[in-house]
Each structure stands twice: as structure tokens, then as C-alpha cells.
Amino acid sequence: MIHHEQINATFANSVSSRFPKEESYLVAVSGGRDSMALLHFLQSTGYQNLVLCHVNHCLRGAESDADQAFVEEAAKSLGLPCEVHSSGVAAHAAATSQSIEAAAREIRYRFFSDVASASNCKQLILAHHADDQVETVLINFFRGSGSRGISGMDQISQRVVNQVELTLIRPFLNLSREAIDRYVSKHDISFREDESNAEEFALRNRIRNRLIPTLAEVFERDIRPAVLRSAELAHRAEQWAKNQEVELPRKENGLDVSSLRNMPDALRDRLLLAWLRESGIPDCGFSEVAKITEILISKSKPAKTNLPGNHHARRRAGILFLEFPEADGKNSK
């Protein structure tokens with residue numbers, strides 16, 4: 001459920017006990033309310049070995065450039081290094097047939113992996129909070145993502161991008177937006193207001209601004225605690241299932257087709273979805289698993305299917321493998 005706790009000394013102690021202050025961390029900072037609250041919290045709690053990472057998506061013209069300048073100035077005032085990347089997200093989205101959101105996320109994580117590799121710092125702190133979790137769970141539910149998707153984000157998770165394994169850390173994940181707002185007001189934290197958050201082009205914005213208020217009106221109550229409770233139950237079920245299941249049947253640079261064909265459907269689906277996610281395939285869910293299962297089971301050729309972000313899955317010589325866009329400079333086969 002949403003925890004309306006304060007960001008106080010007790011909360012700070014709980015965070016620092018899990019994530020030691022003396023270690024080095026990358027911090028994703030957009031300049032918005034949540035990430036600036038996170039940066040202030042980390043600094044005031046005693047985290048010193050931080051590298052700020054900012055991506056200018058070039059979607060809002062001068063406003064995007066002002067966001068970048070704001071983050072760079074904040075880093076300078078705190079005496080922290082700041083890595084910045086500018087990229088035309090709209091062009092990338094069009095070239096890869098992705099949504100703006102998916103393309104922006106892909107660009108961000110590629111940049112994070114580049115910084116992680118160059119700095120030899122693989123721990124990335126993100127400002128996701130409980131309301132972000134609610135939106136994520138609802139998006140995954142309506143995508144038919146199954147229990148793994150409905151369990152939402154983890155406070156600590158791993159993500160492989162460009163062969164770099166990032167550890168993603170979300171210390172604010174159990175904090176409500178209201179708790180963060182109170183913290184920002186209490187400490188008079190400066191931040192940049194992203195006016196595009198109110199626009200309807202992004203799915204997450206529509207979930208936040210239209211779907212959640214409509215559901216609250218229909219049920220005549222705040223539906224967020226119920227969504228988060230469902231996410232927690234799904235997470236527990238996932239943890240149990242993970243302890244029961246077998247390892248991915250790896251073979252050369254892919255998966256063994258014969259082993260996958262002989263598995264129960266439910267187990268195979270779980271393993272394929274886990275494989276897609278660990279490989280960094282964006283926006284993958286049941287429909288992508290179903291497409292891969294089709295070429296996996298079929299004996300016909302060519303055995304190839306399209307995946308989000310110009311990725312492909314292919315079956316050849318008894319091996320199921322992924323093909324990545326040329327821009328990645330890699331191929332898993």
C-alpha cells in the first residue's frame with residue numbers, strides 16, 4: 001500500500017542500511033520535483049560519491065535545454081560530477097517504430113550503461129515512487145503482462161544494457177507523491193516543472209491524469225492502495241515461483257529449442273519473458289512471448305519474429321536467439 005511516511009531520519013537510516021553511503025552511485029536526475037528531492041535527500045543523508053546523469057531528450061526545445069542547464073548548475077553547486085547526453089528522441093522513435101516513451105527510456109538506459117562502463121560504477125539510483133508504481137502496474141495489467149508485470153518495479157533490480165549489468169535502486173519506491181511534495185516544501189527544494197506531464201501524448205500521463213481519477217470516481221475511493229496491495233501479492237507469488245523454477249536452458253548465444261519445447265507452457269512463458277527482460281527488450285509482455293513461442297514450436301522456415309525497438313527473435317539450428325538493431329553494434333548470435 002502507499003506509505004504516507006515522512007522522509008525523515010528513520011527513513012534515511014533504513015535507506016543507508018541497505019545502500020552503504022561510502023559506495024559510489026550514479027543518480028538519474030531530470031531536474032524535476034522527484035529527482036531533485038532524491039538528490040537533496042542523498043546529499044543530506046551523507047552520500048558523497050555520486051555521479052549525476054542527465055538526458056536531454058530535445059523534446060521541448062529551449063525548455064529541455066534549460067532543464068539540462070539547471071541540472072548542470074545543481075551539480076556544480078554541490079561539487080558533483082555530471083554526465084549529460086543529448087539525443088533526438090522523436091527521430092529515434094520514428095526510426096525504431098516505438099512510442100516516444102519507449103524510445104526515450106531506451107536512450108536513457110543506453111546512456112546510463114555507457115556512464116556505468118566508463119566510470120566503473122554499475123549502481124544507478126532512480127527517483128521512482130509509489131505513484132509511479134501504481135501507474136506501472138496499471139499499464140502492465142492492461143498490456144496483459146501477467147503476474148510479473150503486475151508486481152511492478154522492484155526496489156532493487158538488475159538490468160542488462162549493452163552487455164553492462166546495472167543495479168537499479170529505487171529508495172523512494174514506497175513513498176507517496178504527497179510525502180515527496182511535503183519534503184520538497186519543507187526544504188524549499190528548487191526544481192523544474194515539466195509542462196509536458198499534463199499533455200495527453202504519453203500513455204503514462206493519460207494513466208495519471210485520466211484513468212486513475214476515473215477509477216477513483218467509479219469506486220468512490222482512492223484506488224492506489226488496492227493497486228499496490230495487488231502488486232505486493234503478485235510480487236510474493238513471483239518470488240515463490242522463481243524459487244521453484246528451473247534455469248534458462250542456455251545454449252551457445254541463445255536458448256536450447258528442444259528443452260523449451262518440452263517444458264510446460266506456463267514455465268516456458270515465464271522463462272521466455274525473463275529472457276526478454278534481462279536482454280533489454282523494451283515493452284515486452286505476453287504478446288511478445290506468444291510470438292516467440294509460435295516460431296519456437298513451428299517447424300517451418302524462416303523462423304523469425306519482430307520485437308519492439310527493431311529487435312528480432314530467430315530460431316536456427318536448434319537455438320533460439322535475439323538480433324539487436326545495428327546501432328547497438330552487437331548481435332546475440
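Note on exposure: Phe70, Phe219, Phe19 ranked by accessible area (1.4 Å probe, complete protein assembly) read Phe219, Phe70, Phe19, with the most exposed listed first. Using alpha carbons only, the radius of gyration of region 206-265 set against its Kirkwood radius gives Rg/Rh = 1.28. For the residue pairs Lys21/Lys76; Lys122/Lys291; Lys242/Lys299; Lys251/Lys301, the alpha carbons lie more than 25 Å apart in Lys122/Lys291; Lys242/Lys299.
Loop-located trypsin sites (Lys or Arg not before Pro) across region 280-312 with a Cβ neighbour count of 16 or fewer within 10 Å are Lys299, with loop assigned by DSSP. Tell me the carbon and sulfur percent of the accessible area for region 26-87, rounded to whole percent, probe radius 1.4 Å. With neighbouring chains kept in place, the figure for region 26-87 is 49 percent.
In region 252-333, the inverse of the mean reciprocal separation of distinct Cα atoms equals 12.7 Å; this is its Kirkwood hydrodynamic radius. Suppose the Debye formula is applied to equal point scatterers at every Cα of region 1-140; what is log10 I(q)/I(0) at q = 0.16 Å⁻¹? At q = 0.16 Å⁻¹ the computed log10 ratios are -0.95.
Taken over region 113-256, the convex hull of the Cα atoms encloses 174 Å³ per residue. For region 110-204, applying the loop criterion from DSSP together with a ceiling of 12 other beta carbons within 10 Å to the chymotrypsin sites (Phe, Trp or Tyr not before Pro) yields Phe201. Taking Cβ atoms as reference points and 10 Å as the exclusive limit, the residues near Val89 contribute a net charge of 0, counting Lys and Arg as +1 and Asp and Glu as -1. Each residue of region 212-222 is assigned a 3J(HN,Hα), and the resulting list reads 4, x, 5, 4, 5, 5, 5, 8, 6, 6, 6 Hz, derived from the Karplus form 6.51 cos²θ - 1.76 cosθ + 1.60 (θ = phi - 60°), x at Gly and Pro. Nonpolar atom fraction for region 251-304, defined as the carbon and sulfur part of the 1.4 Å probe accessible area, stands at 52 percent.
Scanning the chain for GluC sites (Glu not before Pro) that sit in a DSSP loop and have at most 12 other Cβ atoms within 10 Å, the longest stretch containing none of them is 24-192. Residues whose amide H comes within less than 5 Å of that of Ser86, counting only those at least five positions distant or on another chain, are Asn56 (H built at 1.01 Å from N in the peptide plane).
3J(HN,Hα) along region 74-79: 4, 4, 4, 5, 8, x Hz, from the Karplus curve 6.51 cos²θ - 1.76 cosθ + 1.60 with θ = phi - 60°, whole Hz, x for Gly and Pro. Over all pairs of different C-alpha atoms, region 40-119 has a mean inverse distance whose reciprocal, the Kirkwood radius, equals 13.8 Å. Loop-located trypsin sites (Lys or Arg not before Pro) in region 1-88 (DSSP state other than H, G, I, E, B) with a sparse environment of at most 15 neighbouring Cβ atoms within 10 Å: Lys21, Arg60. With respect to the chain, whose longest principal axis is taken over its alpha-carbon atoms, helix 286-297 is tilted by about 20°.
A 1.4 Å probe run over the chain, with the rest of the protein chains in place, finds 49 Å² accessible per residue. Here the accessible area is traced with a 1.4 Å probe on the protein chains. For region 114-236, carbon and sulfur cover 48 percent of it.
The values are calculated or read from the model by the stated rules, or taken from the named source; none is laboratory data. Bear in mind the structure is a predicted one, so any value in this text is a computation, not a measurement. Every residue, glycine among them, receives a Cβ derived from its backbone with ideal geometry; neighbour counts consider all protein chains shown. Accessible surface areas use protein heavy atoms only, side chains included; no ligands, DNA or RNA. Shrake-Rupley method; radii C 1.70, N 1.55, O 1.52, S 1.80 Å.
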